[in-house]
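Below is one structure, written out as structure tokens; comments come after it.
The values are calculated or read from the model by the stated rules, or taken from the named source; none is laboratory data. Computed from a prediction, not measured in an experiment: that's the story for all the values here. All Cβ positions, glycine included, derive from the backbone under ideal geometry; neighbour counts span all protein chains shown. Protein only, heavy atoms only, side chains kept; ligands, DNA and RNA dropped before computing areas. Shrake-Rupley method; radii C 1.70, N 1.55, O 1.52, S 1.80 Å.
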Amino acid sequence: MGAMDDEPLPPGYPVRWEADVVLRDGTVAHVRPIRPTDIPGIHRFHSAQSEESIYLRFFAPLRRLSDSDVHRFTHVDYVDRVALVVTMREDIIGVGRYDRIDPRSAEVAFNISDLYQGKGIGSVLLEHLAAIAREVGISRFTAEVLPQNRKMLAVFSDAGYDVTRHVEDGVVEVGFDIEPTDQSKAVAMSREHRAEALSVRSLLHPRTIAVIGASRRTASVGSQLLDRLVDAGFTGRIHPVNPNVRTLRRRRAYPSVSDVPDQVDLAVVAVPAHAVLEVVDECADAGVKSLLVVSSGFAEEGKEGARLQAELVRRARGSGMRVVGPNSFGLINNDPEVRLNASLAPTLPPHGRLGLFAQSGALGIAVLASAARRNLGISTFASAGNRVDVSGNDFMQYWIDDDGTDAVGLYLESMGNPRKFSRIARNLALIKPVIVVKSGVSRFGVPPGHRVRRTKARPEVFSAMLKQAGVIRVENVHQLFDTAQLVVHQPLPRGDRVAIVANSTALGTLTADACTSWKLTVTHGPVSLPSEATAEEFREALTAAFADPKVDSVLTCFIPPLVAGDEDVAAAVRDTAAAADKPIAATFLGMRGVDDGHATVSGTGGSTRAIPIYTMPEDAVRALAAATRYGQWRAKDQGTPVAPAGINRRIAEDVVHTVLSVDPKGRRLEQDESFALLQAYGIDVWANQDVGSVDEAVAVATDQVGYPVVLKSTAPMLRHQGGGAGVRVDLRTEAALRSAWDSLTERLAPLDADRLVVQRMATPGVPCVVTSDEDPLFGPVIGFSVAGLPTELLGDIAYRIPPLTDVTVSELISSIKAAPVLHGHRGATPVHRAALADLIARVSVLADDLPEVASLVLNPVNAHPGGVEVLGAEIVLAPAPRRADPGRRSLT
């Protein structure tokens, strides 16, 4: 929520610093830079403070601030003097500021409204001020605090920084470096997690619901929502809101939400789009905590709808409310203690342990219907609609702590903040499977109404991000449920070794072929039982398969025979699996879903572990392979964040600042500028010398570089081609250099490609390419490949998104198809992998630290058994973009 359209912004006002944040209690507040027009607001804020709060802030009983003081507080330059205010309903509820003392340090101070203390506002302000200060070269904060101001001292000490304290003249002088540390990052993420999880909990566990738009017209959306809530047996209170009726469903109807006698936790809004803003204002006046907007007619309908949607979120967040929707299909919480069905679903899946999130309203119906047909129980469900506020990221924050959810499925039509998604999904995937349906990230896949940044990245970047986060990616909803019914009801496989038991040789062979296709190893069977095998024979064969120490998972296939009934066989499968600690997946032809002994297959075994059943073996094997890969990811060492030694960020920041102060739109760096920036991160680049004549080339080789040398063209069309079209190597004498000069100039002059450079000859090795690109959607993206045809023709490039761990870097190197040439292909000596990994780690840290680095290409990077040499570097700087996950708490 920015400044009002009719309010002029002061010169240099940094709009990019504005952010909506979730406070400790789950409500939303707005953070923005202070403005001169805030003078009345600051006076109101100060006059409402208690005498104690005023004394703790100013060390004096200033009942009223002087006009000169307020003018000084509200008129800042947004560089050396910065102030932020936190607002709710346009009222200032917190102020934080810093004043630069010297080039590298600033004094910081805070003042929080008495009515809003304890909500984490001071911590939010410190986070944002520290991030802003780092942008302008400030690296240390100091503060003066009275000893009795324990809350403010706690803000500093609990932030994760290394805080020093010194008492002088009865005042505590606090100091700390604001460079992010592992601890400060962990503290910020933990606070963000708790706040966002709590805000979602208020949506899924309301005590009082108001249904705004309910009517006596049974076909109306509002009436259907009211019916669903009542019929599901919601355990809280339900209040219809309609000014034209007195009762609905034997409940008193109220003219306005303001007339409801209870504190409303969730308002379900089902009124025409043009009436929604008025409803939002009424909910704000009534103190409603959250909104579920089912109404359509917003950004999915065009520009006017988009304007209405933006105003909806501005007003809701400005009043402290979170919003699901608009154009949402609804919310479901199957917890027996809640029984919330605030959705349009005519049929609910049973209560279970799968959390579901879908952006599409129409697809939400299909998702829930499919889950119900499979007897796959869900814990909670949410449809985000146009995803104007609450997103899948928020629900993942909730599911991390939700004891009622064992696995999560997400259908994503778009993604507004992949960096944050990756961070949260990884935290969730470390304890619970996360299954994602997402077809791609191109602009063609973005539905109307979704706010999404355009991406320049290839689709492989999105796939790499999901793999890096440990997410199970599937192609469609059927595969999502195929995988979910396995990971929810069975233990994770410990490895890829599989046993197959079937009562059909053809089915057993088909299953084994599918295992080979999905890189699962069949170590037991296929065991082919007779088609008329009894349930007891199945039980014996399965018991032997589970008991085999060389087996990690069991696949069983069953064609209904003439003798044994499918109920008996299903019971045998359930009973045998219940006694084992290995997963099983069953193929019962013509059946799909979860067999719990009571629904899909009516068995008699009475076991407590449900069995996932698939129509065809390929479906079962695909699901088992997904669970196996996920189990391997979760069981492996996740590594530690890379932290290369010898980095001087200050020098790098000075290079960036110097270039952009002269060329504010950015440009390609000159060779010496690139070298300085890279050397600040411990990356040395071999220099090359432009030469205009053969005599100059000989002089450079003799006096500066030393033989042997390389002579190569700088023409982009030739520079990285294979086959030596524009390069001559291992020139050991003046004569060889002169001959190479004549050969290259004769060949390249007609192509206007005869601008040449001389460079020292490197040790023979494998030429590689290391890149970083700042993407509008993903932020920094690190690429790695083997130079030449694998990169330029075959597209054999691997990607990862910082921050990286040592394990992630190793996987990046190994994931390209050409990786064997690095590891000693055909008897060659392997390259120095540790040196290559260190170089990639340094590039990733540089890219994460400096968003101004729009593009960085190290090409070629010569990797050989003795180490690596960077032989070429190109860097383009541009004004720092506003990253979707900027390192300080912010709702996008």
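Can you pull out every residue in the range 586-601 that is hydroxyl-bearing (S, T, Y) and either at pLDDT 80 or above or in contact with an Asp or Glu (Cβ under 6 Å, 6 or more places away or on another chain) (or both)? Of everything in the range 586-601, just one residue is hydroxyl-bearing (S, T, Y) and either at pLDDT 80 or above or in contact with an Asp or Glu (Cβ under 6 Å, 6 or more places away or on another chain) (or both), namely T587. Residues of the range 501-522 that are more than 15 Å from A585 (Cβ to Cβ) and either open to solvent by less than 50 Å² (accessible area, probe 1.4 Å) or part of a loop (DSSP other than H, G, I, E, B) (or both): N503, S504, K519.
Test Y161 against the stated conditions and say whether it is hydroxyl-bearing (S, T, Y) and open to solvent by 40 Å² or more (accessible area, probe 1.4 Å). Spelling it out, it is not the case that Y161 is hydroxyl-bearing (S, T, Y) and open to solvent by 40 Å² or more (accessible area, probe 1.4 Å). With respect to the conditions (1) more than 31 Å from the chain's Cα centre (by Cα); (2) open to solvent by less than 10 Å² (accessible area, probe 1.4 Å); (3) not charged (D, E, K, R), S47 lacks only one, and its number is (2).
Quick check on this structure: which one of V145, V172, V124 is touching a Pro at 6+ places or on another chain (Cβ under 7 Å), among the hydrophobic types (A, V, I, L, M, F, W, C) and either open to solvent by less than 20 Å² (accessible area, probe 1.4 Å) or within 21 Å of F45 (Cα to Cα) (or both)?
V172
Evaluating V498 against the criteria (1) in contact with a strand residue (DSSP E or B) (Cβ under 7 Å, 6 or more places away or on another chain); (2) touching a residue at least 60 places away in the same chain (Cβ under 8 Å); (3) not in a strand (DSSP E or B) leaves one unmet condition, (3). The set of residues in the range 303-328 that are out of contact with any Phe, Trp or Tyr (no Cβ under 9 Å at 6 or more places or on another chain) and buried (at least 19 other Cβ atoms within 10 Å of the Cβ) comprises V313, R315, A316, R317, G318, S319, G320, M321, R322, V323, V324, S328. Each residue in the range 706-730 was checked for being at pLDDT below 80 and either touching a Phe, Trp or Tyr at 6+ places or on another chain (Cβ under 6 Å) or open to solvent by less than 80 Å² (accessible area, probe 1.4 Å) (or both), and 8 of them qualify.
Would you say E18 is closer than 14 Å to H128 by Cα, acidic (D, E) and out of contact with any Asp or Glu (no Cβ under 7 Å at 6 or more places or on another chain)?
In short, yes.
Only one of the numbered conditions (1) open to solvent by less than 20 Å² (accessible area, probe 1.4 Å); (2) closer than 17 Å to A133 by Cα; (3) part of a helix (DSSP H, G or I) is violated by K185, and that is (1). Residues in the range 853-882 that are surrounded by 20 or more Cβ atoms within 10 Å (Cβ to Cβ) and either free of Cβ contacts under 8 Å to residues at least 12 places away in the same chain or not in a strand (DSSP E or B) (or both): L871, G872.
Taking the range 752-793 as the range and being charged (D, E, K, R), under 30 Å from the mean Cα position of the chain (by Cα) and within 18 Å of A715 (Cβ to Cβ) as the test, only E792 passes.
Listed by first and then second residue, the pairs with beta-carbon distance under 7 Å, at least 6 apart or on different chains, first residue in the range 469-488 and closer than 13 Å to A625 by Cα, second among the hydroxyl-bearing types (S, T, Y) and open to solvent by 10 Å² or more (accessible area, probe 1.4 Å), are R473/S463. The one condition from (1) in a helix (DSSP H, G or I); (2) free of Cβ contacts under 8 Å to residues at least 12 places away in the same chain that P261 does not meet is (1). Output the residues belonging to the range 345-392 that are modelled with pLDDT of 90 or more, open to solvent by 10 Å² or more (accessible area, probe 1.4 Å) and of a type in the set (S, T, Y). Once the filter is applied, which keeps residues that are modelled with pLDDT of 90 or more, open to solvent by 10 Å² or more (accessible area, probe 1.4 Å) and of a type in the set (S, T, Y), the range 345-392 yields only S391. The residue of the range 782-824 that is least open to solvent (accessible area, probe 1.4 Å), among those that are β-branched (V, I, T), in a helix (DSSP H, G or I) and over 18 Å from V642 (Cα atoms), is T791. The residues on offer are V770, V757, V809, and the sole one that is of a type outside the set (D, E) and within 30 Å of D742 (Cβ to Cβ) is V757.
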